[in-house]
1. Place a +1 charge on the Cβ of each Lys and Arg in the protein assembly as shown and a -1 charge on the Cβ of each Asp and Glu, then give the dipole magnitude about the Cα centre in debye, rounded to the nearest 20.
2. A:Asp226 label points, 7 Å along Cα→Cβ, one per copy: pairwise distances from this copy to the rest in nm, shortest first?
3. Among DSSP beta bridges lying fully in the protein assembly as shown, give the percent that are antiparallel, nearest 5.
4. Where is the GNM fluctuation largest for chain A (alpha-carbon springs, 10 angstrom cutoff): A:His125, A:His220, A:His248?
5. Note down the accessible area of D:Phe87, probe 1.4 Å, to the nearest 10 Å².
6. Cα centroid distance between segment D:52-101 and segment C:66-113, in Å?
7. Kindly identify residues of segment C:204-233 having a loss of at least 40 Å² in accessible area between the isolated chain and the assembly of all protein chains, probe radius 1.4 Å.
8. Can you tell me how segment B:58-126 classifies by the Cα gyration tensor, rounded, prolate or oblate, using a/c under 1.5 as the rounded cut?
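The values are calculated or read from the model by the stated rules, or taken from the named source; none is laboratory data. The structure presented is a predicted model; accordingly, all values stated were derived computationally and were not measured. Cβ sites come from the backbone with ideal geometry, for glycine too, and all protein chains shown count toward neighbours. For accessibility, only protein heavy atoms count, side chains too; no ligands or nucleic acids. Shrake-Rupley method; radii C 1.70, N 1.55, O 1.52, S 1.80 Å.
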Protein chains: 4
Amino acid sequence: MSGKPGEEGAGTPREGTPRVARAWRPEGTRVRVGQVEIGGPGFVVMAGPCAVEGMEQTEQTAAAVASAGAHVLRGGVFKPRTSPYSFQGMGEPGLRVLAEAARKVGLPIVSEVMDAAQLPLMEDHVDILQVGARNMQNFALLRALGKLRKPVLLKRGMAATFQEWLLAAEYVLDGGNEQVILCERGIRTFETATRNTLDLAAVALAKQRTHLPVIVDPSHATGEPDLIQPMALAAAAAGADGLIIEVHPRPEQALCDGQQALTPERFAQLMRRLPGVLGAMDRHLWMPELPAHVVGAR
Amino acid sequence: MSGKPGEEGAGTPREGTPRVARAWRPEGTRVRVGQVEIGGPGFVVMAGPCAVEGMEQTEQTAAAVASAGAHVLRGGVFKPRTSPYSFQGMGEPGLRVLAEAARKVGLPIVSEVMDAAQLPLMEDHVDILQVGARNMQNFALLRALGKLRKPVLLKRGMAATFQEWLLAAEYVLDGGNEQVILCERGIRTFETATRNTLDLAAVALAKQRTHLPVIVDPSHATGEPDLIQPMALAAAAAGADGLIIEVHPRPEQALCDGQQALTPERFAQLMRRLPGVLGAMDRHLWMPELPAHVVGAR
Amino acid sequence: MSGKPGEEGAGTPREGTPRVARAWRPEGTRVRVGQVEIGGPGFVVMAGPCAVEGMEQTEQTAAAVASAGAHVLRGGVFKPRTSPYSFQGMGEPGLRVLAEAARKVGLPIVSEVMDAAQLPLMEDHVDILQVGARNMQNFALLRALGKLRKPVLLKRGMAATFQEWLLAAEYVLDGGNEQVILCERGIRTFETATRNTLDLAAVALAKQRTHLPVIVDPSHATGEPDLIQPMALAAAAAGADGLIIEVHPRPEQALCDGQQALTPERFAQLMRRLPGVLGAMDRHLWMPELPAHVVGAR
Amino acid sequence: MSGKPGEEGAGTPREGTPRVARAWRPEGTRVRVGQVEIGGPGFVVMAGPCAVEGMEQTEQTAAAVASAGAHVLRGGVFKPRTSPYSFQGMGEPGLRVLAEAARKVGLPIVSEVMDAAQLPLMEDHVDILQVGARNMQNFALLRALGKLRKPVLLKRGMAATFQEWLLAAEYVLDGGNEQVILCERGIRTFETATRNTLDLAAVALAKQRTHLPVIVDPSHATGEPDLIQPMALAAAAAGADGLIIEVHPRPEQALCDGQQALTPERFAQLMRRLPGVLGAMDRHLWMPELPAHVVGAR
């Protein structure tokens, strides 16, 4: 904790050590979504559009990212937008579009929940519930997620310290839900050449201090397609357990954050570059385990 | 808007000019709470404990701030805390304590709402609904507040740009509720000598660009009792319409943010210093208008 | 000091307490420049162009600020510019222009020194040697200034913590030169609505913790003429000992920072507004003491 | 450039395109120091103590980093310290110690120059002249370095935007010295868990926008030995051309920044981990080219 005047201390966790601390599970937590395992040796890539805009765009993107090797389909239906006049997402109908597109390609879904009231609806369709950066300290939402038994993707707030990020996760774990994935997506600094400043040291630190899986969102972190591949590779080298990446078939027509989306071609290129760096880290892109009789045959 | 890559634009407000823009009401909006008017020539001081801890502490503080001349009683019953193990507020029973203490001294109440689900309860007891810094972009909450016809105190987020702050207010105005008071409470910067960095230029800018009342919270901005009086006076000179200040009878025993609370004595001293600076700005501490026959007699 | 890993501690000043600490001179240091005294009850205003561009512009500005009541003429002849292709200042000939303009209106001069090698030249013409924000930790320059017996105006670095600012002053005091004036000019933050973020809490804190005079530069802090008057008044209310303000007869034609310069008319308006706030603080614009026989005659 | 009010534009470089722009040399600049080439396919590691403390410590460190495969010996003899009471470096005698230690192991030297007046002395002993973060906008120093024909290592300032960093390099190139190596060493943000925030996106961006070599200093960026290896690997994956790393035989006894120094053992471990990631990037640790007759023999 920083020693600034007036800063709230970490509080005394009931057991003396926060539940997120690595000491609680030195071997690390693995979060399972369908077959996919996040936090193990397999590196997991989540990809898809910023916002679900319609059936064609969503199915096209889903097919593209699945064929390039993505493991989870991302897509927003409730969009937190700075302005009330920006596109706010398709809402419930979008959820059905997203679920249908995911089903066709056999991928699980990660999507953002903005309010506890949306949970009953989201729970039916979504495999990983994402808490966005703006809601990292929406404690009512965190408490509600703590009561579920569904994986939560907790994005770091734009101005959240490392300690505040871990304590936000603690709210979910304290409720009994240990399926939390941390996501670094860049912090707000004075720098204007990139949308945010990607803090990869926080990723390495989170891997050392907590037992939770940690993934990186290079799309929001940089806001710049040319920087996504280098930052994705750097994330892998820094020890991240995965990525979440925005892909759009026609970025220039996207209703949300199009300027930072990769085309399917560039996304596929990134997927081809990852195994090299992962191999150097004794890791690999996640793959389903082969059935026993196949393994036996090798 | 900043020109960072990937930054969302302001969107096109339906009428072409955001509803918060001064052009919509060049004379400025005045928010009324009981007799008190915020945004007119009278300068309004809200004061009270960070958190309602019990009847004795609350009544004692209410009596102290009322007798020193405060116009609104502040007090938190739902407390957003970084750690799940910190004191989270008294909840509903605290609301009744706060209402009773306020009734005895005849002051209206401002208190923080953390989630839309708390609104039905809060509405009965609270005169101004405060949105905390962490919830500035909790759009579900902002939308819900837009449907009410009750004053909203919108604190600037720790890392919110000026533009984002105004657009958060726009969510409430867009819903039809124009009773919004902006509150600057310090932004997060690299500086660690103070809890946050009070951005008084944003106060002056908000007065120029919007028609909304703007108040300042020097307690959270500095986290340091010795800096509250100078920053309160500076806020008055910068053109703020009021202050919100934490007061506790025994700061060292407070369950929340005690280190930044003023004692009743120091608060009274501040109230004695304000009229000088306000007078130089052609303003004064808010006072009820005298009935016509009294004015006539002067 | 912040507790960040790897952060350098304050070191052990030879006497155990840094020389800037108020404990060394509880009554406060007063810096004298000609007749003018900075750090006493009189509030001192320094004004003039960002850069000396030529005789006519400089004399015109000098006459305007002198007649509006400024106490010191500012003007840059060596300009630190982000780009090597921006106007870098007139250099030595500019110094002679500035000196001549100041002589005609009877004001002392403050001007920026960028390198120790410029000191012999500057010393002859300049009354207060300004260290710019970019040079706040140019320790070779600070050491050289410590050996002089001439007032130094030390601007806070754009990203300097409060503690680093005081320790930069300590370099000058440690050399034996105690004539140091601190100047807050805004820090660099994520906010883009203003050029920098004016940190008035640091001004109040510097007055409490050190014995040095502290002035404020609202021109660089805001970069916006409409914000200069409110921030100047706020600085006075926060306890500053003076201001340094950019004035240009034709801001739109200025070779440097024209967009933030006040016209002579707006500067005169500000000078008329200051006495009210200063009076509320038991202070006044600095005035020469009347000779004894005149005082006796009153 | 950011669009903040009052922000200086990039200026119009004399030829219309800044000299640092990649368009000037699309194949990239390679800086040569003795045999070593920085900016080509070979990845270059500079290592050594923060400060030269004496012959034994320096020789011991030089031997350790050389045997682990470092290509350049770093060591400070003029140390910019926040406090005037901290160890300020050995000065000229330290330079001779450093030169002697480097000679024995056959490595070139990089060392920081704090002031133009030190250049004649430094030039005789030092192969790469380092400009520290605090001096990034010491324009007198940059101009003086522009007149030399010796490699310059330009660290990014703690609060320097990407654009300001490039324009600081432009000062050196504009003087005719094109042997400039950019060095990212972390920027100052609100985060306190690390000493600074390493901005690897700026590294990738600098490689795309300029023709200059770019290296990374993970020691100052993190201030934390456990984070140096992950950040060094991440830098390699992000496209950096090299590293500069602090190594001390007994970190806990170091006179400067000991808490962030690697032991020789940990440094050797890092050197063993680098080739894997570099190989995935089609790069390798720099090695001298074999003489033609040896190559012919393969």
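1. Numbers: 124 positive and 128 negative charges, 1 e Å.
In debye, rounded to 20, the protein assembly as shown gives about 0.
2. 3.5, 3.7, 5.0
3. Antiparallel bridges make up about 15 percent of those DSSP assigns within the protein assembly as shown.
4. Highest fluctuation among the options: A:His125.
5. 60
6. Each part's Cα centre sits 42 Å from the other's.
7. The answer is C:Leu205, C:Gln208, C:Leu227, C:Met231 - residues whose exposure falls by at least 40 Å² when every protein chain is included.
8. Since a/c reaches 1.5 and a/b is larger than b/c, the shape of segment B:58-126 is classed as prolate.
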